[in-house]
1. Determine how many Å³ per residue the convex hull of the Cα atoms of segment 47-147 encloses.
2. Mean separation of Cα pairs under 8 Å and 6+ residues apart, divided by the residue count of segment 33-106: what relative contact order is that in percent?
3. Could you rank the peptides 41-52, 56-67 by their average count of other C-beta atoms within 10 Å per residue, with the highest value first?
4. Roughly what would the spin-label model give for V125 and R138, points 7 Å off Cα along C-beta, in nm?
5. Gain in length, L35 to I83, computed as 0.36 nm per residue apart minus the alpha-carbon separation, to one decimal in nm?
6. Length gain on complete extension for the stretch K48 to R24, per 0.36 nm per residue less the alpha carbon to alpha carbon distance?
Amino acid sequence: MSGPAPAPTSAAPQPGSTRTGPGRLLVAVYALFALSASARAGVQIATKFSHAPVAYVLSAFAGAVYILATVTLTVGSRTARRIALLSCSIELAGVLTVGTWSLADRASFPDATVWSGYGSGYGFVPLVLPVLGLLWLRRWTGRPGARRTSVTSAEDGQSGADVAADSRT
C-alpha cells in the first residue's frame, strides 16, 4: 500500500487567473505595444529628439506604461492586479489627453505619438486596449472566489497572514 499521492505542482495559471483565456490575448497585445512603442521612442529620441521632443517623450512614457501593464497582467497576483488597474487607468487618461491635445494643437506634435489622434495611427488600438484591460480586471476581480486566492502564498509572494487578511477584506 502506498501513501497519499503528492499534490501535483504546476506552473500553469489557476482557473480565473488574469493569465488565462482572453487574458492571454490581452497580455500578448500589451507586450506587442510595449515592444513597438519603446523601440520607436528609443530610435526617435536617439536620432532626432530636437525635431519633436514632446511627442518622443510621450511615446517613451507610453512604452513604459505598456511594459508595466504587460508585466503586472502577466504576474496576476492581487498586488499586480492593483498596479495593472492603475497602469490601465493612466493609459486611458493618457490616450484621451494626448489624443485631444494632438488634435487641438497640431504644432506641438510634428511627429505622431502612439497616443496621437487617440491612437489613429495604430487603428485606435491604444484607445480600446486600456478599456479592455480595465474590463478584464473588473471581470476577474468580480468573480465570487476572486477575493480568496487559490494560489499558494509562495506563488503569490504573500505570507499566510497576508492571504488570510486579503480574504477578510
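Each value in this text was obtained by applying a stated rule to the coordinates, not by laboratory testing. It should be emphasised that the depicted structure is a prediction, and the values quoted were computed from it without experimental measurement. Don't worry about glycine lacking a Cβ; one is built from the backbone with ideal geometry, like all the others, and counts go over all protein chains shown.
1. Working: hull volume 8.9 nm³, N = 101.
Output value, Cα hull per residue: 88 Å³.
2. This gives 28 percent for segment 33-106.
3. Descending packing order for the listed peptides: 56-67, 41-52.
4. 2.3 nm
5. The span from L35 to I83 would gain 15.3 nm if fully extended.
6. Here the answer is 5.1 nm.
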